[in-house]
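J.: Below is the structure I would like to discuss, written out as structure tokens.
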Amino acid sequence: MAILQKHGKNPSADLASIKDSPTDHFGPVGAQKKWSESSQSWSRPVARVWTVVLLLGTCLLYCARVAMPICAVSMAERFGWSKRESGMVLGSFFWGYCFTQVLGGYVSDRVGGEKVMLLSAAAWGAMTAFTPILAHFGSQPIVSMTISRFLMGLLQGVHYPSLASLCSQKVVESERGFLMSTVGSGSYLGTLVIGGVGSLMLDMYGWESVFYVSGLLSVLWAYCMWKYLLKGEGPIITLESLGSAGTQSKMSRRNWLRLLRQPAVCAVIITHLCTASTFFTLLSWLPTFFKDTFPDSKGWVFNVIPWFVAIPSSLFSGCLSDHLISQGTRPHTHTHTQCHFFSMGVSSVFTLFLCGTTTFSMAVAFVSATMGLTTFSHSGVSVNVQDLAPSCAGALFGVMNTCGAFTGVIMVYFSGYLIEATGSWASVFALITVVNLLGLGTFLTFAEARRVDIDVTKGRYHNIHI
């Protein structure tokens, strides 16, 4: 719901002061009440429960997402796909991922991120479970799998914008780093689980079992979340809730242009674009890299160890970030830039080491270091967007993820082309390093932590909720 919250000289007034000053709001009384209620921060026990639930949900999200890269080699052998065709199937996910990012954040800012996340999880879980059926019964498996992955991207595209919106509305500032890094570690936990258990299932029961199990578990998670956390409440998203923005939404749309002109906003978009595209490329192609370079290697080793390292690394980065912020000894910007220096700078060094790797153990070590350091981005740009624009964090994160998904499409497909054209993986790792350094340079130069979602054209500040 688009409500203009008018403050004095302090644009970041806390929720208590907002609640105590209802006459300072614009809009109908009912709208004020609904906004006040929806903006109440979780208590610490409630936040911990939601953290665990969202961690599990993100874990299952990646189990479903990584099922295709894990099974890509077996499916390519079964259906006779070339590297370029495999890249097309893997990359089609990100085409779909591009289209629902902004929409997911926009709707989440209005009706609640947990509701959008619930509906999408039920849908992409069912799609994952039906993937083997589509592959076997379609006359052209390459076409059906490309469409299936595109739809998966559409459905999963709303997850992280919904998470950013939910976090900005329900979590106090000093605990956002821990929640985002903990929930973000679910992506590594999911990749770890599907890499280990999925590889064993792939060898014992065939690639179809990986899709069946991950899809059905995702649907079960969505049901449990609806039943026990949302208490099975009535219509989840109504037209009334989507259309309740009224006159203020027009003002919000006018301020989007001003928001996107801010150098700090452009910096987080470009940085996230680089971070996401390199991560998606590694996620999609690392299983194939190990199979091509070390044919006798065990899938459960290279699909497990890097993500096993990434989980404690992500949790450590969140705790470190929150600790530095709560101490108040340095600006938020310094904390975020330090996290991104490790995420994109130091990790690139280990990515370059992969170019000359000759042993399996060294390759696993370098990949593990790369993925572990990459997790520091959860305490960098992912939290920085909530500092810059907490009132529209979901929609802005959707813009960021759209850009990241679009470049992910290009990089995943282009990487397949480079492998076939050069016959070497060094070109792919060099490309990843260059993109990482570009994002790091942009963030170090332009990053800020001050709020920019405020209207300073009038005598008083206005927090614009988009």
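The values are calculated or read from the model by the stated rules, or taken from the named source; none is laboratory data. Model, not experiment: these values are computed from the prediction. Cβ placement follows ideal geometry from the backbone for every residue including glycine, while neighbour counts extend to all protein chains displayed. Protein only, heavy atoms only, side chains kept; ligands, DNA and RNA dropped before computing areas. Shrake-Rupley method; radii C 1.70, N 1.55, O 1.52, S 1.80 Å.
J.: Accessible area per residue for the range 302-417 in Å², computed with a 1.4 Å probe and the full protein assembly in place, what is it? Don't skip to the end; give the middle numbers.
T.: Working: 3820 Å² over 116 residues.
Per-residue accessible area for the range 302-417 comes out at 33 Å².
J.: Starting at 0 and stepping by 10 Å, how many percent of the alpha carbon pairs of the range 352-396 end up in each bin?
T.: In order of increasing distance, the bins hold 25, 29, 20, 18, 8 percent.
J.: Mind ordering 138-147, 190-199 by average Cβ neighbours within 10 Å, highest first?
T.: So the order, starting with the most tightly packed, is 190-199, 138-147.
J.: Report the calculated FRET efficiency for Ser82 and Val52 (r = Cβ-Cβ distance, R0 = 60 Å), to the nearest 0.05.
T.: That gives a FRET efficiency of 0.90.
J.: What distance in nm separates the two pseudo spin-label positions at Thr293 and Arg44, each 7 Å out from Cα along the beta-carbon direction?
T.: The two pseudo-label positions are separated by 4.5 nm.
J.: Moving on. Kindly state, to the nearest 0.05, the FRET efficiency for Leu216 paired with Thr445, given R0 = 60 Å and r defined as their beta-carbon distance.
T.: Efficiency, from the Cβ-Cβ distance: 0.80.
J.: Ignoring ligands, DNA and RNA, how do Lys231, Lys298 rank by accessible area with a 1.4 Å probe, largest first?
T.: Ranking Lys231, Lys298 by accessible area, largest first, yields Lys231, Lys298.
J.: To the nearest µm²/s, what D does Stokes-Einstein give for the range 275-408 at 20 °C and 1.002 mPa s, using the Kirkwood radius over alpha carbon pairs as Rh?
T.: Estimated diffusion coefficient is 133 µm²/s.
J.: Sort 285-293, 180-188 for me by packing, meaning the mean count of neighbouring Cβ atoms within 10 Å per residue, highest on top.
T.: The peptides rank, most packed first, as 180-188, 285-293.
J.: Just the accessible area per residue of the range 84-128, please: how many Å² with a 1.4 Å probe?
T.: Here the per-residue accessible area is 29 Å².
J.: Report the Cα centroid-to-centroid distance between the range 145-187 and the range 356-371 in angstrom, as an integer.
T.: Cα centres, the range 145-187 to the range 356-371: 29 Å.
J.: If you plug each phi of the range 150-165 into the Karplus form 6.51 cos²θ - 1.76 cosθ + 1.60 with θ = phi - 60°, what whole-Hz ³J(HN,Hα) values come out, in order, with x for Gly and Pro?
T.: Karplus-based 3J(HN,Hα) across the range 150-165 equals 4, 5, 4, x, 4, 6, 7, x, 8, 5, 6, x, 5, 5, 5, 5 Hz.
J.: Also, I was wondering about something else. In whole Hz, with x marking every Gly and Pro, tabulate ³J(HN,Hα) for the range 44-54 from phi via Karplus 6.51 cos²θ - 1.76 cosθ + 1.60, θ = phi - 60°.
T.: Along the range 44-54, the couplings run 4, x, 5, 4, 5, 4, 5, 4, 5, 5, 5 Hz.
J.: Just from the alpha-carbon atoms, what are the Rg and Dmax of the range 79-175 in angstroms?
T.: 16.1, 54
J.: Multiplying the sequence separation of Thr358 and Leu229 by 0.36 nm and subtracting their Cα-Cα distance, what value in nm do you get?
T.: Extending this stretch completely gives an extra 41.4 nm.
J.: Using amide H atoms built in the peptide plane, which far-off residues or other-chain residues are under 5 Å from Trp425 H to H?
T.: Amide H neighbours of Trp425: none.
J.: Apply the Karplus curve 6.51 cos²θ - 1.76 cosθ + 1.60, θ = phi - 60°, to the phi angles in the range 340-345 and return the couplings in whole Hz, x for Gly and Pro.
T.: Whole-Hz 3J(HN,Hα) from phi for the range 340-345: 6, 4, 6, 5, 10, x.
J.: Let me ask something else about it. Can you tell me which of 255-261, 48-54, 153-159 comes out highest on packing, and rank the rest after it, using the mean Cβ neighbours within 10 Å?
T.: Working: 255-261: 14.1, 48-54: 17.4, 153-159: 25.6.
Highest to lowest by the protection proxy: 153-159, 48-54, 255-261.
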